[in-house]
Amino acid sequence: MASGYKIIVMVKQVPDTGSKAGLNPDGTIDRARAKRMLNPFDKFALQAALHTKKMYGGSVTAISMGPPPAVEILLEALEHGVDRGFLLSDRRLAASDTLATAYALYKTIQYVGDFDIIFCGLQTTDGDTAQVGPQLAERLNLPQVTYCEDFSVQNGEVHARRIIEGGHQTVIAKPPLLVTIANSYHPLEYKSFRGAWRVQQLQRKQEELAQYIKTVTLDDVGADPERCGLKGSPTIVAKTEKVGELGGSCSIHEGKAVDELVKEVITGCNVKEFLAAGKK
Amino acid sequence: MAEEQEKKQPEKPELKDMSAICPIGEVLVIAEHILGDLQPVTLELLGAGRILADKMGQPLLCLVMGHELGDMPQRLLDHGADRVYVADHPELKNYRTLPYRRVVCDFLESLPSQPHTCLLGSTTTGRDLAPRIAAHFDTGLTADTTELDIGPYEHTSKVDPSKIGLYPNCLYAIRPSFGESLKARILGPWKNPQMATTRPGVMVPLPRESRKGEIINIPVNLQETDHRLTVKEIVREVAKGVNLTEADVIVAGGYGLGTQDGFNMLQELAGCFENSAVGASRKVVDLGWIPYQNQVGQTGKTVRPKLYIACGISGAIQHRVGMSKSSLIIAINKDPDAPIFKFAHHGIVGDCYQIIPEMIKQFKQAQSTSGVKEVVGTH
């Protein structure tokens, strides 16, 4: 099993903003009550990692950072066919911004060991910054491909297509490198029955599961706590304000027959101005 | 009120003046171009940067990297920069992370003092480059801002006592906050340059007028390791149909459509209009129902069409920031409490699969009757 690529995929657990559970009436997230999920962008990264392994051989290691429940997404990754997972979990990481997060993950990757390709989701749905991937690449001194929507390896070289404004570009690089995967990449395949069954079996034997999923602390990975969490973050959220409700002048049309409703709207505003000329 | 203040003031410790930590300074905009075309966001950043620089009484700088840039440096002056730094090298012709990163880092390190603020576009280039520079300098970076300002900040958190104090001139980087109906003001006054990327289409460029300023060539010293990635080709996609940002009419679909097939219906509705396009909320793009290029909102495109028809879109803040400036918004949603009904102009509470086919029917009728009218007119 010496051949193939040593692949790392970075994953994050985020609040499920799509479900109403855990949303306060004012629209803020109650993180304690919110449903949790694997960051949707990371599913594309996971697909890229597993596909690369399938095509060219190797192993996939999933790495995450977060509170203990984040182990759920590593189990999910395992079900999909990832070989092992590491969760960096430490109270001192609370309130880390992207720079502090990238530092902590950089130390974790160094702890995990050698790699050829690191896949990340383009961004997370709770932070929306798309910064941690490139900042990780900077710390690791790697070339990077962001906004990647197609990825293959030919003669030991990575060929990647990345989105740019109004088009795309194709780039070539030799591993090691870091790639962030856009949501126009292939969607994650369904987990196999076998994968799900295997993880179910593993969960019954904690000692055995511990061989596949390891939770580590800042001390384990040798990260400087001063560079993590609030202390290690050069940005802070100084103030939040509710976005004022706009307009409030919406004319609501309801409780009538469908054709009546539509007619009301069409006559109530100048929609017809924009209609294409009649075809006849 | 006044009494309260009097009572409080003696208790309040005198805040240390931290202006030495975050002194005022220049504002730097990093320019962006694709295949020789200066990107509009660069001119928008110069417009925003001009305001920030004037607030501090400081010059506005612009750094442009490329090869054989023609009149681009002059254009950057004409749109508001006081000084344009040009890094010209054949290897910089097209954007690549590592060579551009090298030039920016070398340039910043060569300056006697760091600029106060450094701005890039929140584009596939800016979001690729900015985080690397911020990580290299261990400085703060705020993504995807929609407002920028300069103002004071009192830091009182005791987590790191050495940081407590009054910072008189901070970059306020303001952005809609994740998944919540909130705007967050993000600061990082502990180190210059304070960095931000800014959404295209939000800031207002200055009109081009002949302005004087300096154009300065800077050295380019690339290293072997900067060439680890090569660009094989750059493809401009001839937009299938109308480009979202240029459409007069956008018919957009969200998760409320229930299935991917709903978009066929939206396509048909869009087909009723001149210069129209189909848009989508993020959730359905995440689900793979429609390509990313069609996404409207914070992480997609900012649009301001004459007419925006939102079908099965709840209207969360991330979507709203991308389309709320549309001239006329019609929303269709089953849920009468959907936030979109708070800012749409017309809202129809009902099932998209009943409303939209009826709309198509009535629009087609209107089209054919207007056709008849034309015939009558020529009578």
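Is there a simple number for the mean count of other chain Cβ atoms within 10 Å of the Cβ of residues in A:142-153, and what is it?
If you average over the peptide's residues, the count of other-chain Cβ atoms is 3.
Give me the aspartates and glutamates in straight-line cross-link reach of residue B:306: C-alpha distance below 18 Å, same-chain residues under 8 apart excluded.
Of all the aspartates and glutamates, those that pass the test against residue B:306 - Cα under 18 Å, at least 8 places apart if same chain - are A:273, B:246, B:248, B:274.
Tell me, what are the semi-axes, in whole angstrom and largest first, of the equivalent ellipsoid of region A:67-161 as set by the roots of 5 times the Cα gyration tensor eigenvalues? Mind dumping the intermediate values first?
On the way: eigenvalues 107, 60, 40 Å².
Result for region A:67-161: semi-axes of 23, 17, 14 Å.
With +1 on the Cβ of every Lys and Arg and -1 on the Cβ of every Asp and Glu, and nothing else charged, how large is the dipole of chain B about its Cα centre, in debye rounded to the nearest 20?
440
For region A:83-127, report the convex hull volume of the alpha-carbon atoms normalised per residue, in Å³, without decimals. Mind showing how you got there, number by number?
Details: hull volume 4.9 nm³, N = 45.
So the per-residue Cα hull volume is 109 Å³.
If every alpha-carbon in region B:110-221 counts as one equal scatterer, what log10 I(q)/I(0) does Debye give at q = 0.13, 0.18 1/Å?
-0.62, -1.09
Evaluate peptide A:134-140: per residue, the Cβ atoms of other protein chains within 10 Å of its Cβ; return the mean as an integer. Can you show the working numbers first?
On the way: counts 11, 8, 2, 7, 9, 3, 0.
The per-residue average across the peptide is 6.
Provide a whole-number value for the mean count of partner chain Cβ atoms within 10 Å of the Cβ atoms in peptide A:225-235.
Numbers: counts 0, 1, 1, 0, 1, 3, 3, 2, 4, 13, 14.
That average works out to 4.
Treating only the Cβ atoms of Lys and Arg (+1) and Asp and Glu (-1) as charged, compute the dipole magnitude of region A:5-227 about its Cα centre; round to the nearest 20 debye.
Details: 25 positive and 26 negative charges, 112 e Å.
In total the dipole reaches around 540 debye.
From largest to smallest, what semi-axes in whole angstrom does region B:14-227 give when each is the square root of 5 times an eigenvalue of its alpha carbon gyration tensor?
Values: eigenvalues 161, 69, 59 Å².
Here the semi-axes work out to 28, 19, 17 Å.
Beyond 23 Å, what share of the Cα-Cα pairs of region A:128-280 is found? Please give it as a whole percent. Walk me through the numbers before you get to the answer.
On the way: 8394 of 11628 pairs.
Result: 72 percent of Cα pairs exceed 23 Å.
At a 10 Å Cβ-Cβ cut-off, how would you order B:215, B:313, fewest neighbours first? Don't jump to the answer; show the numbers that get you there.
Details: B:215 15, B:313 33.
Fewest to most other Cβ atoms nearby, the residues stand as B:215, B:313.
For region B:143-229, what is the charge dipole size about the Cα centre, in debye to the nearest 20, if Lys and Arg each add +1 at the Cβ and Asp and Glu each add -1 at the Cβ? Working shown, then result.
Values: 11 positive and 10 negative charges, 24 e Å.
In debye, rounded to 20, region B:143-229 gives about 120.
Would you please report the Å³ per residue occupied by the convex hull of the alpha carbon atoms in region A:159-233? Intermediate results must be reported in sequence, preceding the final value.
Details: hull volume 15.9 nm³, N = 75.
Each residue corresponds to 212 Å³ of Cα convex hull volume.
Distances over 24 Å make up what percent of all Cα-Cα pairs in region A:5-227? Each step should come with its number before you reach the end.
Working: 10398 of 24753 pairs.
Counting every Cα pair in region A:5-227, those more than 24 Å apart make up 42 percent.
Could you work out the relative contact order of chain B? I mean the mean sequence separation of Cα pairs under 8 Å and 6+ apart, divided by the number of residues, in percent. Display every interim value, and only then the final one.
Values: 767 pairs, mean separation 54.0, N = 379.
Averaging sequence separation for qualifying contacts and normalising by length gives 14 percent for chain B.
Tell me what chain B gives for mean residue ellipticity at 222 nm when only DSSP H runs of n ≥ 4 count, each as -39,500 (n - 2.57), the sum divided by the residue total, rounded to 500 deg cm²/dmol.
Value at 222 nm, helices only, nearest 500: -9000 deg cm²/dmol.
Using the C-alpha atoms of chain B, what convex hull volume per residue, in cubic angstrom, is computed?
On the way: hull volume 82.2 nm³, N = 379.
In chain B, the Cα hull volume divided by residue count equals 217 Å³.
Select from B:169, B:222, B:122 the residue farthest towards the positive end of the dipole of region B:14-227; place +1 on Cβ of Lys and Arg, -1 on Cβ of Asp and Glu, and compute about the Cα centre.
Of B:169, B:222, B:122, it is B:169.
State, as an integer percentage, the relative contact order of region B:14-227 based on alpha-carbon contacts under 8 Å between residues 6 or more apart. Please report the intermediate quantities before stating the final value.
Working: 473 pairs, mean separation 64.3, N = 214.
With pairs under 8 Å counted, the relative contact order is 30 percent.
Run a plain Debye calculation on region B:244-377 (Cα atoms as equal point scatterers, no solvent) and give log10 I(q)/I(0) at q = 0.11, 0.15, 0.19, 0.21 Å⁻¹, rounded to two decimals, same order as the q list.
-0.36, -0.65, -1.01, -1.23
Arranged by the count of other C-beta atoms within 10 angstrom, fewest first, what order do B:164, A:118 take? Don't skip to the end; give the middle numbers.
Working: B:164 16, A:118 28.
Listed from fewest to most nearby Cβ atoms, that is B:164, A:118.
For Cα pairs less than 8 Å apart in space and 6+ apart in sequence, what is the mean separation divided by the residue count of chain A, i.e. the relative contact order in percent?
About 21 percent, as a whole number.
Positive end of the charge dipole of the protein assembly as shown (Lys, Arg +1 and Asp, Glu -1 on Cβ, about the Cα centre): tell me which of A:96, B:48, B:58 has its Cα farthest that way.
It is A:96, whose Cα lies furthest towards the positive end.
Using 22 Å as the Cα-Cα cut-off, could you pick out the over-long pairs in B:283/B:342; A:54/A:107; A:107/A:239? Display every interim value, and only then the final one.
Values: B:283/B:342 20 Å; A:54/A:107 28 Å; A:107/A:239 31 Å.
Over 22 Å apart, Cα to Cα: A:54/A:107; A:107/A:239.
Run a plain Debye calculation on the protein assembly as shown (Cα atoms as equal point scatterers, no solvent) and give log10 I(q)/I(0) at q = 0.05, 0.06, 0.08 Å⁻¹, rounded to two decimals, same order as the q list.
For the protein assembly as shown, the Cα-only Debye profile gives -0.25, -0.36, -0.64.
Listing B:261, A:126, B:248 from the residue with the fewest other Cβ atoms within 10 Å to the one with the most, what is the order? Before the final figure, lay out the partial values.
Values: B:261 10, A:126 20, B:248 16.
Ordered by Cβ neighbours within 10 Å, fewest first: B:261, B:248, A:126.
Beyond a 21 Å Cα-Cα separation, which of these cross-linked pairs lie in this structure: A:174/B:232; A:231/B:183; B:301/B:364; B:163/B:183? Spell out each step's value before the answer.
On the way: A:174/B:232 14 Å; A:231/B:183 23 Å; B:301/B:364 29 Å; B:163/B:183 25 Å.
Long pairs (Cα-Cα over 21 Å): A:231/B:183; B:301/B:364; B:163/B:183.
Every number in this text was worked out from the coordinates using simple rules, so none of it is lab data. Note that the structure is predicted; figures quoted are calculated from it, not measured. Note that we place each Cβ from the backbone using ideal geometry, even for glycine, and neighbour counts take in every protein chain shown.
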